[in-house]
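The values are calculated or read from the model by the stated rules, or taken from the named source; none is laboratory data. Computed from a predicted structure; not experimentally measured. Because the Cβ atoms are built from the backbone with ideal geometry, glycine has one as well, and the counts that use them run over all protein chains shown. We work out accessible area using only protein heavy atoms, side chains counted, and drop any ligands, DNA or RNA first. Shrake-Rupley method; radii C 1.70, N 1.55, O 1.52, S 1.80 Å.
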Amino acid sequence: MTEPGLAAGPLPPTMLGINNQTVPEATALEVIRGAAQYGLGGVELTAEVLGSDTRRLTAALREHGVQLLGVSPTTALHGWHAQWDDELEASMRAEIYRAAEAGAGYFVMPFMRPAGDSDTVTAGLRRAIPIARDAGLRLAVEPIGHHDVLRRTDQLAPVLTALNDGVIGMLLDSFHFFRAGQSLDDLEHLDGVDVLAVQVSNANHRPTNQLLGYRDRTFPLDGPFDVTGLCRETARRWPAAPVIVEVIGELAAATPFADGLRTAAMQLREITQLTEREDARRA
């Protein structure tokens, strides 16, 4: 008997992708071409690398058969979850519409400042929902492991389920998930939440309580976190969610572009193979 909320039977192939911050020196066009070269079906882009002229980018996406999965905001929007004003709303509208014009499926709403609570997050999302609905994309809420703002699944899930009307979902990031001190059992709190994508990376040698998401990430299989286990469980619960390598910080900055792309693709395929073997063993 299948547990409630879990997929039954063979799972469809998972979309694999890369976030441009994993190869920080690359342009958006280089990331798209590189993803296609290594057989990755999707990319996530920051709004900075996306730029304002999306026509050339959308042409490249079509040419290479790569999907723009999502776009993350500029620093102008990093405080949306703590304080909202008319200037922020204007910037939010412009960035969401630009992401939609480029063909993105979701716009990332991260908690990038150490401020805010369930009330301010709810208020911000209520202001952003009609913008996203009008633009035709979804909002992917992302907790940050080193910021104590709804960073655990049991804290965030009630806010998302109360607001969910087909626009709101979650961006589940392995680094932030484990950095917040959670285990795979904590995924149970997300029953009823739509996980739009799973970002994967691991951590370096620093103690967990000192890890910073913008500094201390490694590739998904190169650290202490059970990223493979997380991918296995999320594939069972949210089989449509793409899995995207997002390595940010010291290691990404020191890794040549080609090496970063190759490592991301190789490790994604290894995770997929490990997950399939474990599923077969359990069956």
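Output the residue which, of all residues in region 35-55 that are of a type in the set (S, T, N, Q) and not in a loop (DSSP other than H, G, I, E, B), is farthest from residue 106 (Cα to Cα).
The extreme case among them is 37.
On the given criteria, is residue 100 touching a Gly at 6+ places or on another chain (Cβ under 8 Å), hydrophobic (A, V, I, L, M, F, W, C) and assigned to a helix (DSSP H, G or I)? Can you show your working first?
On the way: touching a Gly at 6+ places or on another chain (Cβ under 8 Å): yes; hydrophobic (A, V, I, L, M, F, W, C): yes; assigned to a helix (DSSP H, G or I): yes.
So residue 100 passes the test.
What's the number of the only condition in (1) farther than 24 Å from residue 22 by Cβ; (2) surrounded by 20 or more Cβ atoms within 10 Å (Cβ to Cβ) that residue 163 fails to meet?
For residue 163, the exception is condition (2).
Is there a residue in region 70-85 that is touching a residue at least 60 places away in the same chain (Cβ under 8 Å), open to solvent by less than 20 Å² (accessible area, probe 1.4 Å) and not small (Gly, Ala, Ser)?
yes
Restricting to helices (runs of 4 or more DSSP H) lying wholly in region 170-283: which have 3 or more residues that are among the hydrophobic types (A, V, I, L, M, F, W, C) and open to solvent by 10 Å² or more (accessible area, probe 1.4 Å)?
Those helices (runs of 4 or more DSSP H) span 250-254, 257-282.
Check region 92-107 and report whether any residue there is within 24 Å of residue 33 (Cβ to Cβ) and over 19 Å from the mean Cα position of the chain (by Cα).
Yes, region 92-107 contains at least one residue that is within 24 Å of residue 33 (Cβ to Cβ) and over 19 Å from the mean Cα position of the chain (by Cα).
Among (1) at pLDDT 95 or above; (2) open to solvent by 10 Å² or more (accessible area, probe 1.4 Å); (3) at negative phi; (4) not polar (S, T, N, Q), where does residue 56 come up short?
Checking residue 56 against (1) at pLDDT 95 or above; (2) open to solvent by 10 Å² or more (accessible area, probe 1.4 Å); (3) at negative phi; (4) not polar (S, T, N, Q), the one that fails is (1).
Spot the failing condition for residue 254; the list is (1) farther than 24 Å from residue 196 by Cα; (2) among the small types (Gly, Ala, Ser); (3) modelled with pLDDT under 95, and only one is missed.
If we test residue 254 against (1) farther than 24 Å from residue 196 by Cα; (2) among the small types (Gly, Ala, Ser); (3) modelled with pLDDT under 95, just (3) comes out false.
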